[in-house]
Every structure is written in structure tokens, then in C-alpha cells.
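What follows draws every value from the coordinates through simple rules; no lab data is involved. Model, not experiment: these values are computed from the prediction. Note that each Cβ is placed from the backbone with ideal geometry, even for glycine, and that neighbours are counted across all protein chains shown.
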Amino acid sequence: MKIIEPVTTKEFDQYYALRWRLLRAPWKQARGSERDADDESSTHLMVLDNSNTLIGVGRLHFNSIREAQIRFMAIDYPKQRKGIGTRLLQALEARAVEHGASRITLDARETAMGFYRKLGYSPQGPGHTLFNSIAHVKMKKEL
Ligand SMILES: CC(C)(COP(=O)(O)OP(=O)(O)OC[C@H]1O[C@@H](n2cnc3c(N)ncnc32)[C@H](O)[C@@H]1OP(=O)(O)O)[C@@H](O)C(=O)NCCC(=O)NCCS
């Protein structure tokens, strides 16, 4: 397994396709809905298995000089609960530290709260509800 930044057009195509398949397609959202305006200025990481198949994605961007935010974390279904999300989150956190962050915020799906809690994030209150169905909780970690 390795964690790399997408560079080529093919890598970015695969990266956004997995983001869409895991985080948008189940709610019948069109291709393109998986992207936002911060993608251009974000750090993107992708996880490849030993056969170079893409199995995970995640993104880091800065809200201010000290505050980074993680979004669009997704590990492909058959690979979940094997520690891969943990390694990806730690890699994103390392990038945040490298670039001067002192805290990380995120909006966790309620179903993923346990994951972030285990990795040191604490709930800060309710967040938005996506597609009228996915409740989020605001979480934060001081680095
Ligand atoms: C949430 C997600 C990124 C976690 O990645 P992962 O590789 O499955 O997580 P890990 O195996 O590293 O989990 C580490 C620990 O976090 C906890 N954990 C992981 N997923 C959890 C979940 N959905 N609910 C509660 N706790 C969870 C467990 O304690 C787990 O340890 P254990 O398996 O030994 O009990 C991944 O499951 C995923 O992509 N889910 C679907 C998309 C999603 O919800 N993305 C997050 C949007 S905010």
C-alpha cells in the first residue's frame, strides 16, 4: 500500500471517480457534484494497494493560516475497517503540520464520527445536513 498525491490527468480522473462513487453516487448525485471550488488549492492524497488499484482518497485545505480542514475522505467498501483510513488521515495531518496548521477541523458524517473520535477529534456541535439526509457533526483536533 502507498499514499501519493495525484499528479497526472489519469490519476485525478480516478481520484474524483472514487470520491463520487463513495460519497455522491449512493445519493443519486451527478458526476461533477463531487468537486468544489477549493479543489484547485487543496492537497489531495490517494491510497493505492499493492496492485496500484486506487482504494482511498482524502483532501486537505486551509481555512486560515493556522486552521486546516479535511474533506472528502473515503475508503473503498471492501477495504474499510482495515486501518487504511487511519493511515490516510495521519498522512493528511502530517501535510497539515508541514504547512503550519495548529488545528484541523472537519464535518463528520454521523456514521463516521467514531472513526474521527478514535483519532483524537472532538465533537463541536451539529453541522449541516447533506442531501436532506446525511447529518454531520463539526469536529476539531488541536495539533
Ligand atoms: C470513515 C472511513 C473513512 C474510515 O476509514 P477505515 O479505513 O474504514 O477506518 P479504519 O479501519 O482506519 O478505522 C479505525 C478505527 O476507527 C473506528 N471506525 C472506523 N469506521 C468507523 C465507523 N464507520 N463508525 C464508527 N467507528 C469507526 C473503529 O474504531 C476503527 O477501529 P476498529 O476497526 O479496530 O474497530 C471509511 O470507513 C469510509 O470511507 N466510509 C464511507 C465514507 C465516509 O463516511 N467518509 C467520511 C465522510 S465524513
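Which percent, nearest 5, of DSSP beta bridges in the range 2-107 are antiparallel?
85
In deg cm²/dmol, rounded to 500, what helix-only [θ] at 222 nm does the chain give when every DSSP H run of at least 4 residues adds -39500 (n - 2.57) and the total is split over its residues?
The helix-only estimate for the chain comes to -8000 deg cm²/dmol at 222 nm.
With no solvent and one point per C-alpha, what does the Debye sum give as log10 I(q)/I(0) for the range 38-93 at q = 0.22, 0.31 Å⁻¹?
Result of the Debye calculation: -0.82, -1.28.
Using a Cα-Cα cut-off of under 23 Å, which lysines could be cross-linked to LYS138, ignoring same-chain neighbours fewer than 8 residues away?
LYS118
Would you compute the Debye intensity of the range 2-107 from its alpha-carbon atoms alone, equal scatterers and no solvent, and pass along log10 I(q)/I(0) at q = 0.12, 0.14, 0.16, 0.24 Å⁻¹ to two decimals?
Reported log10 I(q)/I(0), two decimals: -0.38, -0.52, -0.69, -1.42.
Ordered by packing density, taken as the mean number of other Cβ atoms within 10 Å over each peptide's residues, highest first, how do 10-20, 109-119, 123-133 rank?
10-20, 109-119, 123-133
How about LYS79: which aspartates and glutamates have a C-alpha closer than 15 Å to its C-alpha, ignoring those fewer than 8 places off in the same chain?
ASP49
May I ask you to list the lysines whose Cα is less than 21 Å away from that of LYS10, ignoring any residue fewer than eight positions away on the same chain?
Cα-Cα hits under 21 Å: LYS2.
If R₀ is 22 angstrom, what is the calculated FRET efficiency for the pair LYS2 and ARG95, using the beta carbon separation as r and rounding to 0.05?
According to the calculation, E is roughly 0.90.
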